[in-house]
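> My questions will all concern the structure given below.
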Amino acid sequence: MDGLRASAGLLRRGRLRRRRQTQPHSGSVLALSLRPRKIRRQLRRNIASRMAALRAQALPSEDSEDSRVESTTPPAHLVEAQTPPARLGPASAPPAPRLCASQPLGAAAPPWTPATELPWDSPLQRVLAELSRIPSSRRRAARLFEWLIAPMPPEHFYRRLWEREAVLVRRQDHTYYQGLFSTADLDSMLRNEEVQFGQHLDAARYINGRRETLNPPGRALPAAAWSLYQAGCSLRLLCPQAFSATVWQFLAVLQEQFGSMAGSNVYLTPPNSQGFAPHYDDIEAFVLQLEGRKLWRVYRPRVPNEELALTSSPNFSQEDLGEPVLQTVLEPGDLLYFPRGFIHQAECQDGVHSLHLTVSTYQRNTWGDFLEAILPLAVQAAMEENVEFRRGLPRDFMDYMGAQHSDSKDPRRTAFMEKVRVLVARLGHFAPVDAVADQRAKDFIHDSLPPVLTDRERALSVYGLPIRWEAGEPVNVGAQLTTETEVHMLQDGIARLVGEGGHLFLYYTVENSRVYHLEEPKCLEIYPQQADAMELLLRSYPEFVRVGDLPCDSVEDQLSLATMLYDKGLLLTKMPLALN
């Protein structure tokens, strides 16, 4: 917690580049308590010992038994896994659970179990059923990513290929993604949802080296959308997770694997056409071929400053491109990955349409972005705390510094450059690394999709309480937590404790929208006497902690914190709550 308090102090002095959103707090806000250092050290030892005991008592998790798929994929820049992937889970696995109808577009989405109709015994249905039996959300994310790139081992992918090479996974299984998204799903959305041209759907075509976007104004009704498709336009659905509960679940689980926002687009391309010009993007791209076939050409970055590009490119002409590093026709069930900065183009041939979904992640998530935020704060801290940074520049430095003196052999110039190098090297001692990391984590929480719950998470959280209106009055009201209740966080990546302006706030995802940044960041204030308990809850997941063992100053503080988190949908109990 000392790091959080230091971060709060930095923010109080106005050092962070991002301005905090105005929060709807009511009433007075307590300042952070200044507990004696000896007591703080003892609290940390207590937290560490409690966590060690919890882990020692925990039973082996179900995810330890997950099946692994071996691969003989060579460590080449193009990886083609032609062996059909192993079946996931038992053949008798029950179908994925169904729930309520999907949320209206634009509303803050409660974290429900996915409402989805999946083909019986499809690979996707089996892996989603398998995920529902894994208690740890982090292991669910790892398992889903393992399925996504199977049969290639994730360790090989991250060590040898991630951010480096284009990867082709050929599965020879046209049902692999069945149930994730289809052209029939798109047609249903056009008929039943408020899909808007330009905002949710683009119609584009690429003819004779020229890209055209032909979006009419207003709602994308079936008559307009399908007429544009017949005219040779590709239809790009920009936010499928806002309309599809299955895509929402897919991305909400994967985002925890990347620690970065996971978004998606769906592309429907008519036969014998191309929708978009050659270009590169500023994201890591995973292309999932859902229907039909599509010819892809992928090219390496042309020059070094396009490698791992920070921004998307303009459209290129064929004359701008060299030889592709990969040219292949994707079939349903195939996967194509390429890093940001890799130029790509795709077209339909042979009278067959194509439908694919692109998962994107790691936008502006670089060391450079991190340092861009941290260096101004380090300079300001250094100037406040070290007199060397406050000493004046040489009175005559303009006589030997600057472009017009760049070829000068003046020894004063050499000394000046050495002084700059020394001061820059010292900046690392003043860099508020944890404070900036917390702010990036807060941004990720805001970027994230709301969580999708397993049956277990729903049943043991506030979402599963049987409170309802019956026979003219509310019934089953009054279940409460006690000091004997055992709890842990709902999922691993749904909340982050951040110090701001001398206070602590818990930012969370459960009230986020399925539309990117439709809602302002949501947070709870954590008071000083509850800070160590909050830290314990965040760090001990997925082990349970008894409410009475939370390191608070009083039973009242223990129950107050646990009840606040449970009522907000952030806590899960080991057993269903009983009425008092």
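The values are calculated or read from the model by the stated rules, or taken from the named source; none is laboratory data. Note that this is a predicted model, so its numbers are computed, not measured. Glycine also receives a Cβ, built like all others from the backbone with ideal geometry; neighbour counts cover every protein chain displayed. Surface areas here come from the heavy atoms of the whole protein model, side chains and all, with no ligands, DNA or RNA. Shrake-Rupley method; radii C 1.70, N 1.55, O 1.52, S 1.80 Å.
> Please work out which one of (1) open to solvent by 30 Å² or more (accessible area, probe 1.4 Å); (2) under 24 Å from Q327 (Cα atoms); (3) among the charged types (D, E, K, R) is the condition R171 fails and give its number.
Status for R171: all satisfied but (1).
> If a residue must be within 21 Å of A346 (Cα to Cα) and not hydroxyl-bearing (S, T, Y), how many such residues does the range 194-212 contain? Show your work before the answer.
Taking the range 194-212 first, the residues within 21 Å of A346 (Cα to Cα) are 201-212.
Pick out the ones that are also not hydroxyl-bearing (S, T, Y) and you get 201-205, 207-212.
Within the range 194-212, residues that are within 21 Å of A346 (Cα to Cα) and not hydroxyl-bearing (S, T, Y) number 11.
> Touching a helix residue (DSSP H, G or I) at 6+ places or on another chain (Cβ under 6 Å), in contact (Cβ under 8 Å) with a residue 40 or more places away in the chain and not hydrophobic (A, V, I, L, M, F, W, C): is that true of P270 in this structure?
Working: touching a helix residue (DSSP H, G or I) at 6+ places or on another chain (Cβ under 6 Å): yes; in contact (Cβ under 8 Å) with a residue 40 or more places away in the chain: yes; not hydrophobic (A, V, I, L, M, F, W, C): yes.
Answer is yes for this residue.
> Free of Cβ contacts under 8 Å to residues at least 60 places away in the same chain and surrounded by 14 or more Cβ atoms within 10 Å (Cβ to Cβ): does that describe R413?
On the way: free of Cβ contacts under 8 Å to residues at least 60 places away in the same chain: yes; surrounded by 14 or more Cβ atoms within 10 Å (Cβ to Cβ): yes.
Spelling it out, R413 is indeed free of Cβ contacts under 8 Å to residues at least 60 places away in the same chain and surrounded by 14 or more Cβ atoms within 10 Å (Cβ to Cβ).
> Return the total of residues in the range 182-210 being under 30 Å from R300 (Cβ atoms) and either touching a Lys or Arg at 6+ places or on another chain (Cβ under 6 Å) or crowded, with 16+ Cβ neighbours inside 10 Å (or both).
Restricting attention to the range 182-210, the residues satisfying the condition of being under 30 Å from R300 (Cβ atoms) are 202, 204-210.
Cutting the leftovers down to either touching a Lys or Arg at 6+ places or on another chain (Cβ under 6 Å) or crowded, with 16+ Cβ neighbours inside 10 Å (or both) gives us 202, 204-206.
Matching residues across the range 182-210 total 4.
> Output the residues belonging to the range 542-580 that are assigned to a loop (DSSP other than H, G, I, E, B) and open to solvent by 30 Å² or more (accessible area, probe 1.4 Å). Talk me through it step by step, then tell me what you get.
So the first thing to find is which residues in the range 542-580 are assigned to a loop (DSSP other than H, G, I, E, B), and the list is 542-544, 550-554, 568-570, 574-578, 580.
Across the range 542-580, the qualifying residues are P542, E543, F544, D553, S554, K568, K574, M575, P576, L577, A578, N580.
> For the range 445-484, enumerate the residues that are of a type in the set (A, V, I, L, M, F, W, C), closer than 30 Å to D369 by Cβ and touching a strand residue (DSSP E or B) at 6+ places or on another chain (Cβ under 8 Å).
Here is the first cut: in the range 445-484, the residues of a type in the set (A, V, I, L, M, F, W, C) are 445, 449, 452-453, 459-460, 462, 465, 467, 469, 471, 475, 477, 479, 481.
Right, trim to closer than 30 Å to D369 by Cβ and you get 445, 449, 452.
Result: I445, single match.
> Then there's this: Scan the range 530-541 and tell me whether some residue there is open to solvent by 30 Å² or more (accessible area, probe 1.4 Å) and among the acidic types (D, E).
In the first step, residues of the range 530-541 are kept if they are open to solvent by 30 Å² or more (accessible area, probe 1.4 Å); the result is 538-539.
This time we only want the ones that are among the acidic types (D, E), so: none.
Checking the range 530-541: not a single residue is open to solvent by 30 Å² or more (accessible area, probe 1.4 Å) and among the acidic types (D, E).
> Taking strands (runs of 3 or more DSSP E) that fall entirely within the range 196-262, which contain at least 2 residues that are aliphatic (A, V, I, L, M) and without any contact (Cβ under 8 Å) to a residue 60 or more places away in the chain?
Strands (runs of 3 or more DSSP E) meeting the threshold: 201-207, 234-237.
> Within the range 247-266, which residues are among the hydroxyl-bearing types (S, T, Y) and crowded, with 23+ Cβ neighbours inside 10 Å? I'd like the intermediate steps shown before the answer.
The initial filter retains those residues of the range 247-266 that are among the hydroxyl-bearing types (S, T, Y), namely 260, 264.
S264, the sole residue that qualifies.
> Scan the range 356-379 for residues that are open to solvent by 70 Å² or more (accessible area, probe 1.4 Å) and either touching a Lys or Arg at 6+ places or on another chain (Cβ under 6 Å) or not aliphatic (A, V, I, L, M) (or both) and report the count. Break it down stepwise before answering.
Of all residues in the range 356-379, those open to solvent by 70 Å² or more (accessible area, probe 1.4 Å) come to 363-364, 367, 371-372, 375-376.
Keeping just the survivors that are either touching a Lys or Arg at 6+ places or on another chain (Cβ under 6 Å) or not aliphatic (A, V, I, L, M) (or both) gives 363-364, 367, 372, 376.
The number of residues fulfilling the criteria is 5.
> So, one more: I'd like the full set of residues that are open to solvent by less than 20 Å² (accessible area, probe 1.4 Å) and among the aromatic types (F, W, Y), limited to the range 496-529.
The answer is F505, Y507, Y508.
> Go over the candidates V436, V475 one by one and state the one that is open to solvent by less than 30 Å² (accessible area, probe 1.4 Å) and farther than 16 Å from L570 by Cβ.
Values: V475 fails: open to solvent by less than 30 Å² (accessible area, probe 1.4 Å).
Just a single option satisfies the conditions, and that option is V436.
> Kindly list, by first and then second residue, each pair from a residue in the range 454-480 that is not assigned by the TED database to the domain that holds A129 and part of a helix (DSSP H, G or I) to a residue that is among the charged types (D, E, K, R) and open to solvent by less than 80 Å² (accessible area, probe 1.4 Å), limited to pairs with Cβ atoms under 9 Å and residues at least 6 apart or on different chains.
V462/K568; Y463/E457; G464/E457; G464/R458
> Please go through (1) on the phi < 0 side of the Ramachandran plot; (2) under 41 Å from the mean Cα position of the chain (by Cα); (3) small (G, A, S) for G351 and return the number of the only condition it doesn't satisfy.
For G351, the failing item is (1).
> A further question follows. Read through the list (1) crowded, with 17+ Cβ neighbours inside 10 Å; (2) part of a strand (DSSP E or B); (3) more than 26 Å from the chain's Cα centre (by Cα), then give the number of the only condition that F276 fails.
(2)
> Could you figure out which of (1) surrounded by fewer than 17 Cβ atoms within 10 Å (Cβ to Cβ); (2) outside any helix (DSSP H, G or I); (3) not acidic (D, E) isn't true of G493?
(1)
> Further, regarding this structure: If a residue must be touching a residue at least 40 places away in the same chain (Cβ under 8 Å) and either open to solvent by 90 Å² or more (accessible area, probe 1.4 Å) or not assigned by the TED database to the domain that holds V424 (or both), how many such residues does the range 382-407 contain? Outline the logic, then answer.
Start the filter on the range 382-407 by keeping residues that are touching a residue at least 40 places away in the same chain (Cβ under 8 Å), which leaves 382, 385-386.
Add one more test, that the residue is either open to solvent by 90 Å² or more (accessible area, probe 1.4 Å) or not assigned by the TED database to the domain that holds V424 (or both), and what stays is 385.
Within the range 382-407, residues that are touching a residue at least 40 places away in the same chain (Cβ under 8 Å) and either open to solvent by 90 Å² or more (accessible area, probe 1.4 Å) or not assigned by the TED database to the domain that holds V424 (or both) number 1.
> Let me ask something additional. Scanning for something modelled with pLDDT of 95 or more, assigned by the TED database to the domain that holds L237 and open to solvent by 50 Å² or more (accessible area, probe 1.4 Å), does the range 342-355 turn up at least one residue?
yes
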